[in-house]
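Chemist: My structure is below; once you've seen it, I'll send some questions.
The values are calculated or read from the model by the stated rules, or taken from the named source; none is laboratory data. Predicted model only: the values in this text are computed from it and were never measured. Cβ placement follows ideal geometry from the backbone for every residue including glycine, while neighbour counts extend to all protein chains displayed. For the accessible areas, the whole protein counts, side chains as well, though only heavy atoms, and no ligand, DNA or RNA atoms are used. Shrake-Rupley method; radii C 1.70, N 1.55, O 1.52, S 1.80 Å.
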Amino acid sequence: MTQPVPASPMFWRFNTEVHRLVGIKCQDCGHISYPRTKICHECGSQNLKEYKLPHKGTIHTFCVNWAPPPQFEPPILPVIVDLEGGGRYGGIMTECGSPDEIKIGIKVEMVFRRMLTDRGLNVYGYKFRLAEEG
Amino acid sequence: MKGKVAVIGVGMIKFGELFDKSLENMIQEAYLNCLKNVQKGIDPKEIKAAWFGQWSGGFIGQGAQGGQSLASMIGNLDLSCSRIENACPTGGDTFRNACLGVASGVFDVVLALGAEKMRDKPSAESLGGAGGGGGAETGNHPSWMMGQGGPAIQAMHATRQMHQLGYTMEDFARVAVKNHHNGSLCPYAHYQFDITVERVLNSPVICWPLHLFDCCPQTDGAAAAIVCRADLAKKYTDKPVYVWGSHTGLDHNQLWDRSSFVSQPSVVRAAKGAFEMAGIKPQDVDFAELHDCFTNTELMDIEDVGFARSGEAAKKLKDGEYDMHGKLPINPSGGLKAHGHPIAATGLGQIFEVVTQLREEADKRQVKLKNGIGLQQNVGGPAFGAAVVNILSRSR
């Protein structure tokens with residue numbers, strides 16, 4: 001039986017901002033970054049405001065990974081998504097019948113899913129799926 | 001830097017699946033080849049400092065390597081020596097640090113050496129360890145990196161290059177065909193055989209739109225260079241090669257912070273810095289060894305270094321401009337496609353090629369020199385945010 005890890009440092013770092021999608025928007029250069037940071041990754045400014053990432057966006061680019069890490073059933077579909085209102089986020093697609101459904105520019109939305117099990121602990125995060133119409 | 005630093009010797013071993021050689025064996029062979037390459041000879045004790053490029057030590061169970069891993073192996077315990085690890089540009093950056101050691105005025109003669117064991121682990125593990133399949137582990141947030149190692153990151157660039165620049169899988173395949181041909185003429189290459197566009201497109205899909213033959217292999221290897229004060233160079237060789245520019249360029253550590261997926265800003269920054277230092281422009285360069293870990297990456301490299309405008313590289317490649325006897329030979333050695341990518345050895349292997357070409361000692365793969373200037377470039381790491389460019393010349 002897998003031994004659960006009594007204290008995983010990673011979970012300490014999964015602060016609410018990660019699961020609640022809290023990032024920053026730089027008040028000087030406009031760069032949106034996630035998760036929260038004290039210094040803008042783009043321009044170094046400390047003049048930042050908290051910014052909650054929207055769940056919706058369009059696919060900026062993607063690939064069809066037939067050689068994923070061992071825990072995954074190939075293929076997996078990594079995507080980079082242009083979020084509504086600016087900024088980008090990356091992840092993998094879920095609930096997708098065929099890679100042929102994925103194209104640059106189509107609408108997707110984030111859904112909260114179990115990502116994997118790490119030494120007995122479930123690890124949660126966001127995946128993307130095709131957005132429902134309307 | 002310009003005018004202060006010269007390369008007086010280079011050495012490498014044949015890259016490949018070197019199951020019979022340990023890290024130590026490879027270090028010693030590359031070092032001895034490098035000493036032999038110094039035309040008028042050198043007393044090894046004249047080398048007072050070294051920079052040791054190394055990534056894989058922990059990965060193959062030998063722990064994180066230190067300066068002593070090199071100093072002890074070459075029997076020079078009086079060396080001042082640091083280990084360098086800077087992702088895929090480790091080799092090129094190890095060379096840069098050695099050059100800075102001389103340019104600073106602290107040392108007269110120094111060594112840069114990189115060695116890497118990639119094949120001691122099975123392919124999947126090796127690729128995962130190098131971030132290649134990467135991100136299944138939970139050291140980072142799982143939805144940030146999951147399944148987004150090297151092939152996936154570059155494949156996402158390739159998809160965007162096709163969408164935005166009109167590039168095709170045939171365009172990518174032509175890079176592999178060119179580099180395999182060049183590699184077939186290089187005795188140090190891992191792969192020394194020709195391939196065709198059809199063979200690339202019929203090979204298994206690794207990460208669509210990239211096929212198996214769009215990807216460089218996992219390879220063992222080692223390479224080295226001895227660098228000295230430019231005013232002392234003629235004591236060691238009649239054909240010194242001088243370092244004109246050397247710069248690292250960086251970009252974001254997270255893929256979604258990146259501004260572009262048809263360009264690598266890290267490479268743009270490294271090239272800008274190196275060209276400024278050298279006081280020359282891209283059109284002054286005779287040939288270049290670029291980081292073709294994937295075929296689409298070479299097309300971006302060509303554009304980001306400034307050899308072509310965005311969207312132009314594929315056509316120029318098709319027209320033969322980047323062939324060994326074209327207007328601007330790119331990867332006359334066969335590049336990473338033919339040599340493989342033993343991370344810390346890769347950049348120094350490219351330096352070996354640039355120096356060998358500038359001395360006109362490249363035999364069947366010799367390119368035509370006009371200005372006597374060659375360029376070396378690496379890119380990689382998380383989000384491909386680390387790059388290095390070195391510019392070398394026959395004249396001081």
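Chemist: In whole Å, what three semi-axes, largest first, describe the equivalent ellipsoid of chain A built from its Cα gyration tensor (square root of 5 times each eigenvalue)?
Modeler: Equivalent ellipsoid semi-axes, largest first: 26, 23, 12 Å.
Chemist: A further question on this structure: Suppose all protein chains stay in the model; what accessible area per residue would a 1.4 Å probe give for the stretch B:261-349, in Å²? Please report the intermediate quantities before stating the final value.
Modeler: On the way: 2510 Å² over 89 residues.
Computed with neighbouring chains in place, this is 28 Å² per residue.
Chemist: Still on this structure, please answer the following. Over chain B, with a Gaussian network built from C-alpha contacts below 10 Å, which listed residue (B:E85, B:E116, B:E198) shows the highest mean-square fluctuation?
Modeler: The residue with the greatest mean-square fluctuation here is B:E198.
Chemist: How shielded is B:151-160 by partner chains, expressed as the average number of their Cβ atoms within 10 Å of its Cβ atoms?
Modeler: Working: counts 5, 10, 4, 1, 6, 9, 3, 2, 11, 6.
For this peptide, the per-residue mean of nearby foreign Cβ atoms is 6.
Chemist: A further question on this structure: If the only charges are +1 at each Lys and Arg Cβ and -1 at each Asp and Glu Cβ, what is the size of the charge dipole of the protein assembly as shown around the Cα centre, to the nearest 20 debye?
Modeler: Working: 54 positive and 55 negative charges, 198 e Å.
That gives a dipole near 960 debye.
Chemist: Something else: Send over the Kirkwood Rh of the protein assembly as shown, from the inverse of the averaged 1/r over different Cα pairs, rounded to one decimal Å. Mind dumping the intermediate values first?
Modeler: On the way: mean 1/r = 0.0423 Å⁻¹.
The answer is 23.6 Å.
Chemist: Rank B:Q377, B:Q283, B:Q161 by mean-square fluctuation in a GNM of chain B with C-alpha springs under 10 angstrom and give only the top-ranked residue.
Modeler: B:Q283
Chemist: Using a Gaussian network model of chain B whose springs link C-alpha atoms within less than 10 Å, name the residue from B:D238, B:D257, B:D292 with the highest mean-square fluctuation.
Modeler: It is B:D257.
Chemist: Right, another one. In nm², what is the average projected area of the convex hull enclosing the Cα atoms of the stretch B:271-356? Please list the in-between numbers first.
Modeler: Working: hull surface 22.5 nm².
Reported value for the Cα convex hull: 5.6 nm².
Chemist: About its Cα centre, what dipole magnitude does chain B give when the only charges are +1 on Lys and Arg Cβ and -1 on Asp and Glu Cβ, stated in debye to the nearest 20? Please report the intermediate quantities before stating the final value.
Modeler: Working: 38 positive and 41 negative charges, 200 e Å.
With only Lys, Arg, Asp and Glu charged at Cβ, the dipole is about 960 debye.
Chemist: In what sequence, largest accessible area first, do B:E24, B:E360 appear using a 1.4 Å probe? Please report the intermediate quantities before stating the final value.
Modeler: Numbers: B:E24 50, B:E360 110 Å².
So, going from the largest accessible area down, we get B:E360, B:E24.
Chemist: Using Cα pairs under 8 angstrom and six or more residues apart, how large is the relative contact order of chain B, in percent? Can you show the working numbers first?
Modeler: Numbers: 1010 pairs, mean separation 102.2, N = 396.
Once normalised by length, the contact order is 26 percent.
Chemist: Another question about this same structure. How many nm is it between the label spots at B:E125 and B:R309, if each spot is 7 Å from the Cα in line with the beta carbon?
Modeler: With each label point 7 Å from Cα toward Cβ, the separation is 5.1 nm.
Chemist: I've got another one for you. Keeping every protein chain present and rolling a 1.4 Å probe, give me the accessible area per residue for the stretch A:55-134 in Å². Write down the numbers at each step before the final one.
Modeler: Numbers: 3740 Å² over 80 residues.
Computed with neighbouring chains in place, this is 47 Å² per residue.
Chemist: Please work out how much accessible surface B:S395 shows to a 1.4 Å probe, ignoring ligands, DNA and RNA, in Å² rounded to 10.
Modeler: 60
Chemist: Right, next: How charged is the neighbourhood of B:G326? Take every other residue with its Cβ under 10 Å from the Cβ of B:G326, and add Lys/Arg as +1 and Asp/Glu as -1. Kindly include the intermediate steps, with their values, before the conclusion.
Modeler: On the way: positive: B:K178, B:K316, B:K327, B:K368; negative: B:D319, B:E321, B:D323.
Every neighbour counted, the sum reads +1.
Chemist: For chain B, count all C-alpha to C-alpha pairs, find those more than 29 Å apart, and express that count as a whole percent of the total.
Modeler: Numbers: 27809 of 78210 pairs.
Counting every Cα pair in chain B, those more than 29 Å apart make up 36 percent.
Chemist: OK, next. Excluding B:K234 itself, what net charge comes from residues whose Cβ is under 12 Å from its Cβ, given Lys and Arg +1 and Asp and Glu -1? Don't skip to the answer; put the middle values down first.
Modeler: Numbers: positive: B:K40, B:R229, B:K235, B:K239, B:R396; negative: B:D231, B:D238.
For residues surrounding B:K234, the net value is +3.
Chemist: Counting only Cα atoms, I'd like the Rg/Rh figure for the stretch B:1-140, Kirkwood definition for Rh.
Modeler: Working: Rg = 16.0 Å, Rh = 16.1 Å.
Using Cα coordinates only, the ratio equals 1.00.
Chemist: Another question about this same structure. Pull up the DSSP beta bridges for the protein assembly as shown and report the antiparallel fraction as a percent, rounded to 5. Write down the numbers at each step before the final one.
Modeler: On the way: 70 of 85 bridges.
Expressed as a percentage, antiparallel bridges in the protein assembly as shown total about 80.
Chemist: Could you state how much accessible area is buried at the B-A interface, both sides summed, with a 1.4 Å probe, in Å² to the nearest 100?
Modeler: Using a 1.4 Å probe, the pair buries roughly 3000 Å².
Chemist: Still on this model: Could you please state how large a percent of the accessible area of the stretch A:55-134 is carbon and sulfur, counting protein chains only and using a 1.4 Å probe? Please report the intermediate quantities before stating the final value.
Modeler: Values: 1820 of 3740 Å².
Taking all protein chains in place, the stretch A:55-134 shows 49 percent carbon and sulfur surface.
Chemist: Let me ask another. Which percent of the accessible area of the stretch B:322-396 is formed by carbon and sulfur heavy atoms (probe 1.4 angstrom)?
Modeler: Values: 940 of 1960 Å².
So the carbon and sulfur contribution to the accessible surface is 48 percent.
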